[in-house]
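The values are calculated or read from the model by the stated rules, or taken from the named source; none is laboratory data. The structure displayed is predicted, hence computed values, not measured ones. Glycine also receives a Cβ, built like all others from the backbone with ideal geometry; neighbour counts cover every protein chain displayed. Quick note on the areas: whole protein, heavy atoms, side chains included, nothing else; ligands and nucleic acids left out. Shrake-Rupley method; radii C 1.70, N 1.55, O 1.52, S 1.80 Å.
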Amino acid sequence: MAKVLAVCISEMKGTQKHTVPEIEVKKNHGIVGDAHAGDWHRQISLLGNESVDKVRHILPNIEPGAFAENILTEGITLYALPVGTRLKVGDTELEVTQIGKECHKGCKIRELTGDCVMPREGIFTIVIKEGAIRPGDEIEVIK
């Protein structure tokens, strides 16, 4: 079973995200209170804990949000999902719009480890159905 391990936000762009008890997602917006929210194709970012595991030998105490992901997941290979895939996350619905991204030159993870998994294995989504997302919520591929 795929599930949400952590939900994270940052109030300002360029800062590391921090965990919160839940996030509220809005259509045509993304996460309420997150600096990256807006009416665009990268409203919410997701990264698998399995991807984070690839750098834990160098950074064993890495915290959720360190890769600027909004949702840290477990039990689903996110980067294998095609663009257009819909995910039921708790009571919400998200649609995959992008796999990976260009890495920022000032990425702290890349500076510390020499690599960053987010550009290859992170995904981005838009909100299709609004609601709240919390750690422990199930993730289901619906389309």
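Ignoring ligands, DNA and RNA, what accessible area per residue does the chain give at 1.4 Å, in Å²? The answer is 50 Å² per residue. Calculate what fraction, in whole %, of the accessible area of the chain sits on carbon and sulfur atoms when a 1.4 Å probe is rolled over the protein chains. Answer for the chain is 51 percent, counting heavy atoms of protein chains only. Springs between alpha-carbon pairs under 10 angstrom, Gaussian network model over the chain: which of 18, 57, 36 fluctuates most? Residue with maximal mean-square fluctuation among 18, 57, 36: 57. If the segment from residue 140 to residue 41 were pulled out straight at 0.36 nm per residue, it would be longer than the present Cα-Cα gap by 33.6 nm. Take the Cα of residue 28, step 7 Å toward its Cβ, do the same at residue 11, and the gap between the two points is 2.7 nm. Highest average first, the peptides 124-137, 74-87 ordered by how many other beta carbon atoms sit within 10 Å of their residues are 124-137, 74-87. Would the range 1-48 count as rounded, prolate or oblate if I go by the C-alpha gyration tensor, calling it rounded below 1.5 in a/c and otherwise prolate when a/b exceeds b/c, oblate otherwise? Oblate, since a/c reaches 1.5 and b/c is not below a/b. Pairs from the table (17/54; 17/143; 26/143; 54/129; 26/54) lying more than 26 angstrom apart at Cα are 17/143; 54/129; 26/54. Using the rule -39500 (n - 2.57) for each DSSP H run of four or more residues, divided by the residues of the chain, the 222 nm mean residue ellipticity is -1500 deg cm²/dmol. In percent, rounded to a whole number, the relative contact order of the chain is 34, using alpha-carbon pairs under 8 Å and six or more apart. Under a Gaussian network description of the chain, with springs only between Cα atoms under 10 Å, the residue in 88, 54, 27 that fluctuates furthest is 54. Equivalent ellipsoid of the chain: semi-axes from √(5λ) of the C-alpha gyration tensor, largest first, are 22, 16, 14 Å. The residue list 71, 1, 14 was ranked by how far each Cα lies along the charge dipole of the chain toward its positive end, using unit charges on Cβ atoms, and 14 comes out on top.
Computed over protein heavy atoms with a 1.4 angstrom probe, the accessible surface ordering of 118, 1, largest first, is 1, 118.
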